[in-house]
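Notes for the one structure printed next.
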Amino acid sequence: MAYAYFGLEPDIVTNYLSNSSRKLGYVRVTVELMLEDESQLETVAHHAPLLRSTTIDIFGRQPEEKIKSLTGREEIRQLCLQTLREQMRRETGSEMVKDVIFTKYLYQG
C-alpha cells in the first residue's frame, strides 16, 4: 500500500488556555496527514479548510499542562486523528486519514 502525505498549510498557530489570566500562551504546529492512498490527496485538499479549522479548534481548547507535556501532546494528536477521521467519514463516507503527524511542535507562554 502506498501512503500519501498532505500538509495542513500554513502551520497551525493558535492560543491555548493558560493558567495565568494575564498571559496568553500560543502553540505552533506543523501538521501532516498520512492518507491511506495517493488517490485521496485531491479529496483531502478539497476539505483542507475544514480539517485545518478543526485542528485549530482542538488546540485552542487544550489546557497549558496538556500542551506542554509529552503525554498531553500524544493525547492531542490522538484527538486530532479521531476527530479528522470522523469529519472525513461524514463528508466523504471514508475516514481517509490513516495518521496525524506533528513534524514541528513549538509553544510559548
- Pull up region 2-16, narrow it to residues that are of a type in the set (A, V, I, L, M) and open to solvent by 10 Å² or more (accessible area, probe 1.4 Å), then point me to the one that is nearest to H47 (Cα to Cα). V13
- Evaluate region 80-102: report whether one residue or more is open to solvent by 30 Å² or more (accessible area, probe 1.4 Å), hydrophobic (A, V, I, L, M, F, W, C) and part of a helix (DSSP H, G or I). no
- Message: Looking at region 62-80, I want the residues that are touching a residue at least 40 places away in the same chain (Cβ under 8 Å) and have a partner that is assigned to a loop (DSSP other than H, G, I, E, B) with Cβ atoms under 6 Å, at least 6 apart or on another chain. Which pairs are those?
- Response: E64/S18; E64/N19
- Output for region 1-56, where each listed residue is of a type in the set (S, T, N, Q) and in contact with an Asp or Glu (Cβ under 7 Å, 6 or more places away or on another chain): S18, N19, T30
- Item | Matching residues, region 40-63, being modelled with pLDDT under 95 and β-branched (V, I, T) | none
- Counted residues in region 27-79 being touching a Lys or Arg at 6+ places or on another chain (Cβ under 9 Å), closer than 19 Å to L17 by Cα and surrounded by fewer than 16 Cβ atoms within 10 Å (Cβ to Cβ) come to 3
- Note on the structure: Filtering region 58-109 for residues that are closer than 26 Å to A2 by Cα, of a type in the set (A, V, I, L, M) and over 12 Å from the mean Cα position of the chain (by Cα) leaves a count of 2
- Going through region 14-58 one residue at a time, which ones are β-branched (V, I, T) and in contact (Cβ under 8 Å) with a residue 40 or more places away in the chain? T14, V27, V29, T30, V31, T43, V44, T55, I56
- When residues of region 17-55 are limited to those that are among the hydroxyl-bearing types (S, T, Y) and not in a loop (DSSP other than H, G, I, E, B), the one farthest from L84 (Cα to Cα): Y26
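The values are calculated or read from the model by the stated rules, or taken from the named source; none is laboratory data. All figures in this text were calculated on a predicted structure; none of them were measured in a lab. Here the Cβ is made from the backbone with ideal geometry for all residues, glycine too, and neighbour counts use every protein chain on show. Ligands, DNA and RNA are stripped out before the accessible areas are found, and what is left, the full protein with its side chains, is counted by its heavy atoms. Shrake-Rupley method; radii C 1.70, N 1.55, O 1.52, S 1.80 Å.
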